[in-house]
Amino acid sequence: MKQYEMKKIAYQSELKNRALQVLLYLIDRSNKEQTCFPAIPTIARELHISVSTVKRAMKELVDAGYVEKKSRFRERNGGQTSNLYVLRFLEQEKDRR
């Protein structure tokens with residue numbers, strides 16, 4: 001699915017403003033597999049919102065089914081490196097039909 005199609009669905013959603021803002025950010029940074037892995041502090045800084053607001057928005061996006069969050073870990077010591085965010089717009093499109 002193309003970015004403009006994902007944005008169209010996002011704008012038609014009933015998401016709160018903070019969640020919509022974060023979702024659009026993730027869409028802009030996603031690759032062809034609809035994945036991206038920006039750090040929460042980076043999202044907060046670039047959107048000029050607090051880290052806690054980003055965390056609340058992410059929870060809303062996960063609960064609403066727009067985003068799947070997968071933890072990523074280092075192979076060497078098992079420490080967490082970042083989260084991988086998978087955009088789930090194909091499922092959202094099916095639900096709208």
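Return yes or no: is Gln92 at pLDDT 90 or above and crowded, with 18+ Cβ neighbours inside 10 Å? Reasoning before the result, please.
On the way: at pLDDT 90 or above: no; crowded, with 18+ Cβ neighbours inside 10 Å: yes.
So Gln92 does not fit the description; no.
Listed here are the helices (runs of 4 or more DSSP H) enclosed by the range 1-66 that have at least 3 residues being basic (Lys, Arg) and more than 11 Å from Leu87 (Cα to Cα): 51-64.
Looking only at the range 24-40, filter to residues that are open to solvent by 80 Å² or more (accessible area, probe 1.4 Å) and not basic (Lys, Arg); which one of those is nearest to Phe73 (Cα to Cα)? Let's see the steps before the verdict.
First, the residues of the range 24-40 that are open to solvent by 80 Å² or more (accessible area, probe 1.4 Å): 29, 32-33, 37.
Next, from what is left, pick out any that are not basic (Lys, Arg): 33, 37.
Values: Glu33: 20, Phe37: 12 Å.
So the residue we want is Phe37.
Yes/no matrix, rows are residues, columns are (1) modelled with pLDDT under 95; (2) touching a Ser or Thr at 6+ places or on another chain (Cβ under 9 Å); (3) β-branched (Val, Ile, Thr); (4) over 21 Å from Pro41 (Cβ atoms):
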| position | (1), (2), (3), (4) |
| --- | --- |
| Ala57 | no, no, no, no |
| Glu60 | no, no, no, no |
| Ser71 | yes, yes, no, no |
| Arg74 | yes, yes, no, no |
| Gly79 | yes, no, no, no |
| Leu84 | yes, yes, no, no |
| Leu87 | no, yes, no, no |
| Arg96 | yes, no, no, yes |
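Go through the range 2-23 and give me each residue that's loosely packed, with under 13 Cβ neighbours inside 10 Å and of a type outside the set (D, E, K, R). If the condition is that a residue be loosely packed, with under 13 Cβ neighbours inside 10 Å and of a type outside the set (D, E, K, R), then Tyr4, Tyr11, Gln12, Asn17 are the ones that fit. Being of a type outside the set (Asp, Glu) and out of contact with any Ser or Thr (no Cβ under 7 Å at 6 or more places or on another chain) is a property that holds for Ala10.
Restricting the first member to the range 33-44 and to residues that are among the hydroxyl-bearing types (Ser, Thr, Tyr), and the second to residues that are in a helix (DSSP H, G or I), no beta-carbon pair is closer than 8 Å while six or more apart or on different chains. Applying a threshold of 9 Å to beta carbon distances and a minimum spacing of six or more residues, or different chains, the list of pairs starting in the range 2-13 at a residue that is in contact (Cβ under 8 Å) with a residue 40 or more places away in the chain and of a type in the set (Ser, Thr, Tyr) and ending at one that is assigned to a helix (DSSP H, G or I) and surrounded by 11 or more Cβ atoms within 10 Å (Cβ to Cβ) reads Ser13/Ala19; Ser13/Leu20; Ser13/Leu23; Ser13/Ala64; Ser13/Gln92.
What's the total number of residues in the range 52-79 that are free of Cβ contacts under 8 Å to residues at least 24 places away in the same chain, hydrophobic (A, V, I, L, M, F, W, C) and surrounded by 14 or more Cβ atoms within 10 Å (Cβ to Cβ)? Break it down stepwise before answering.
If we filter the range 52-79 for residues that are free of Cβ contacts under 8 Å to residues at least 24 places away in the same chain, which is where we start, we get 52, 55, 59, 62-63, 68-71, 73-79.
From what's left, hydrophobic (A, V, I, L, M, F, W, C): 62, 73.
So of that shortlist, the ones also surrounded by 14 or more Cβ atoms within 10 Å (Cβ to Cβ) come out as 62.
Qualifying residue count, the range 52-79: 1.
The values are calculated or read from the model by the stated rules, or taken from the named source; none is laboratory data. Because the structure is a prediction, the values reported are computed rather than measured. All Cβ positions, even for glycine, are placed from backbone atoms using ideal geometry, and neighbour counts span all protein chains on display. Heavy atoms of the whole protein, side chains included, go into the accessibility calculation; ligands, DNA and RNA do not. Shrake-Rupley method; radii C 1.70, N 1.55, O 1.52, S 1.80 Å.
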